[in-house]
1. Kindly indicate the residue of region 222-256 that is charged (D, E, K, R) and modelled with pLDDT under 95 and also farthest from Ala24 (Cα to Cα) among those meeting that condition.
2. Taking the options Arg89, Arg54, name whichever one is within 20 Å of the chain's Cα centre (by Cα), among the basic types (Lys, Arg) and over 23 Å from Leu23 (Cα atoms).
3. For region 164-181, indicate whether the set of residues that are closer than 27 Å to Val230 by Cα and in contact (Cβ under 8 Å) with a residue 40 or more places away in the chain is non-empty.
4. Looking only at region 189-215, which residues are over 17 Å from Leu158 (Cβ atoms), in contact (Cβ under 8 Å) with a residue 24 or more places away in the chain and not β-branched (Val, Ile, Thr)?
5. If Asp83 satisfies every condition in (1) under 24 Å from Leu130 (Cβ atoms); (2) more than 13 Å from the chain's Cα centre (by Cα); (3) part of a strand (DSSP E or B) but one, which is the exception?
6. Residues that are surrounded by fewer than 24 Cβ atoms within 10 Å (Cβ to Cβ) and without any contact (Cβ under 8 Å) to a residue 40 or more places away in the chain, at least 2 per element: which strands (runs of 3 or more DSSP E) completely within region 1-80 meet that?
7. Scan region 111-122 for residues that are buried (at least 16 other Cβ atoms within 10 Å of the Cβ) and not in a loop (DSSP other than H, G, I, E, B) and jot them down.
8. Give the residues of region 110-145 that are free of Cβ contacts under 8 Å to residues at least 60 places away in the same chain and of a type outside the set (Ser, Thr, Tyr), sorted by residue number.
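The values are calculated or read from the model by the stated rules, or taken from the named source; none is laboratory data. Every value quoted in this text rests on a predicted model; they were computed, and no experiment measured them. Here Cβ is always computed from backbone atoms with ideal geometry, including for glycine, and neighbour counts include all displayed protein chains.
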Amino acid sequence: MAKIFCIANQKGGVGKTTTAVNLAAGLAKVGQRVLMVDLDPQGNATMGSGIDKRKLDMTVYDVLLESSSVAEARVHSEKCGYDILGANRELAGAEVELVEVERREKRLKLALASIDADYDFILIDCPPSLSMLTLNGLCCAHGVIVPMQCEYFALEGLTDLVNTIKQVHANLNKDLKIIGLLRVMFDPRITLQQQVSEQLKGHFGEKVFNTVIPRNVRLAEAPSYGLPGVVFDPSSKGAQAFITFAEEMVQRIKTM
């Protein structure tokens, strides 16, 4: 049975997609079977996995509207070693079209149930807003991985996200919880970042992942080549950190 995780943060620009594609690639490298679900209409996780979103015959949009199954719509990225349920701009229309339909927040959960046995991990890259798409992701997930920068405004956004998760847990998905906070784009030379990091550990304790993802040029360059940093430059510090994080995730799953 696959473990399903949302990569979510209501604040934009915190490295959600970078985290999603590199964790997927890292998990694939350590021998896990992975499906990446791109729930963002921008389709960055699709493009960042070596798949051209403009050439997809079927996407997560078709799955949500039940005109296609996950098995029909998924594609395999040879370079990255994992499967992708891709997205493109069509997905923006799904928000409006889902308003009128039954079980609208459970569409993705029902669709993923059919391929559950095919994977060890299903990772969902959520858009940076609490929309019907994000809600679909949260309703089918076992937990949320929260990438965050160690900055003051990031703490503000985290409070909103924790409240959202509590509401979804209470009303729609009793399994949902925060799996862990991942410190990304971290620069140990900046005193404020160290202070915020300590605050996080003091408040969230074991929920803060041991792995820290450093600020790294190669991770930032990788999307322009349509690859995760883990595949683009496996020897870079950022890629090594994500492989360590993938190993930590596998271990954390065993204790869940």
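1. Lys254
2. After applying the criteria, what remains is Arg89.
3. For region 164-181, residues closer than 27 Å to Val230 by Cα and in contact (Cβ under 8 Å) with a residue 40 or more places away in the chain: present.
4. Residues satisfying the conditions are Gln194, Asn210, Pro214, Arg215.
5. (1)
6. 75-77
7. Ala111, Leu112, Phe121, Ile122
8. Across region 110-145, the qualifying residues are Leu110, Ala111, Ala113, Met132, Leu135, Cys139.
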